[in-house]
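**Student:** Dumping the structure here so I can ask a few things about it.
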Amino acid sequence: MTAIEQTEAARPRGTRLPRRARRNQLLGAAQEVFVAQGYHAAAMDDIAERAGVSKPVLYQHFPGKLDLYLALLDQHCESLLQSVRTALASTSDNKLRVAATMDAYFAYVEDEGGAFRLVFESDLTNEAAVRERVDRVTLQCAEAICEVIAEDTGLPRDEAMLLAVGLGGYSQVVARYWLASGSTVPRDKAVELLTSLAWRGIAGFPLHGLEGH
């Protein structure tokens with residue numbers, strides 16, 4: 001059950017929940033409010049109301065609005081990173097790896113909770129703690145992609161990293177455009193198109209150890 005689903009299940013006031021379940025419920029409520037209103041417009045009153053709890057209960061778990069936002073950001077950055085790592089490990093066929101990685105970004109952006117907005121479209125990127133987390137997950141995703149590229153092509157790490165940053169950035173920017181524009185192109189077709197474009201470039205680097213064969 002997702003945090004938002006737990007919020008829906010536990011919204012009536014007066015329900016006593018185990019601490020972990022309450023925390024997840026509050027995170028789900030906060031996600032709904034932050035995604036809908038942005039950080040600056042959101043208020044702890046709104047989040048408590050959304051969760052169906054009193055403000056003191058909310059403050060027992062999160063000392064302030066920024067703490068709550070950072071907890072959500074940590075959760076969803078980790079979710080993105082694990083999705084990318086899972087995609088890369090899902091097959092040894094490199095073209096299918098590219099497709100799986102593209103689809104991981106599309107699935108992340110398409111998720112109905114809108115968590116990607118906290119990571120890629122935050123209105124709080126001038127806050128050092130937020131910027132650090134967003135930069136870190138971008139780097140970690142690129143490093144995961146880089147490892148595969150470097151291993152399979154034999155390219156120097158710096159060159160492989162440039163390709164990895166490009167592939168990750170390309171995936172998330174196009175996925176966000178696809179969602180925001182209300183594109184009539186189905187997700188699987190969009191992934192297929194982008195994979196075809198990316199693969200034309202990546203396939204130009206021979207597999208390490210197979211040069212000249």
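**Student:** Using a 10 angstrom Cβ neighbour count of at most 13 plus a DSSP loop assignment to flag exposed trypsin sites (Lys or Arg not before Pro), which longest range of the chain is free of such sites?
**Tutor:** Answer - 17-213.
**Student:** Let me ask something additional. By how many degrees, between 0 and 90 and to the nearest 10, does the Cα long axis of helix 19-37 differ from the longest principal axis of the chain?
**Tutor:** 80
**Student:** May I pose another question? On a straight-distance basis, which lysines could pair with K55 in a cross-link, Cα separation under 19 angstrom, same-chain partners fewer than 8 positions away excluded?
**Tutor:** Correct list for K55: K65.
**Student:** Continuing with the same structure: Per residue, how many Å² of accessible area does the range 116-200 show with a 1.4 Å probe?
**Tutor:** It amounts to 55 Å² per residue over the range 116-200.
**Student:** Here's another thing I want to ask about it. Quick one: pull the percentage of alpha-carbon pairs in the range 13-66 with a separation above 15 Å.
**Tutor:** Of all Cα-Cα distances in the range 13-66, 38 percent exceed 15 Å.
**Student:** Turning to a different aspect of this structure: If you build the convex hull over the alpha carbons only and average its shadow over all orientations, what do you get for the chain? Give it in nm² to one decimal.
**Tutor:** 13.3
**Student:** Going by alpha carbons, how many degrees (0 to 90, nearest 10) lie between the helix axis of 187-202 and the longest principal axis of the chain?
**Tutor:** On a 0 to 90 degree scale, this one is about 40.
**Student:** Be a star and scan the range 24-51 for residues whose amide nitrogen sits under 19 Å from the point 7 Å along the Cα-to-Cβ vector of V57.
**Tutor:** Within reach of a label on V57: 24-34, 43-51.
**Student:** Compute the distance from the alpha-carbon center of the range 58-109 to that of the range 110-187, in whole Å.
**Tutor:** The two parts, judged by their Cα centres, are 10 Å apart.
**Student:** Once you have all Cα-Cα distances for the range 87-213, histogram them in 10 Å bins from zero and send the whole-percent values.
**Tutor:** 12, 41, 32, 13, 2, 0
**Student:** Ok, one more. Could you state the angle between the C-alpha long axis of helix 65-89 and the longest principal axis of the C-alpha atoms of the chain, as a value from 0 to 90 degrees rounded to the nearest 10?
**Tutor:** Long axis of 65-89 versus the principal axis of the chain: about 30 degrees.
**Student:** Could you name the lysines whose alpha carbon sits less than 17 Å from that of K95, not counting residues in the same chain fewer than 8 places away?
**Tutor:** Cα-Cα hits under 17 Å: K189.
**Student:** Checking a compactness column here: for the range 59-106, what do you get for Rg(Cα) / (2.2 N^0.38 Å), N being the number of residues?
**Tutor:** Cα Rg divided by the expected 2.2 N^0.38 Å: 1.64.
The values are calculated or read from the model by the stated rules, or taken from the named source; none is laboratory data. Values in this document were obtained by computation on a predicted structure and should not be read as measured data. Backbone-built Cβ (ideal geometry, glycine too); neighbour counts: all protein chains shown. To get the accessible areas, we keep the full protein, side chains included, count just its heavy atoms, and leave off ligands, DNA and RNA. Shrake-Rupley method; radii C 1.70, N 1.55, O 1.52, S 1.80 Å.
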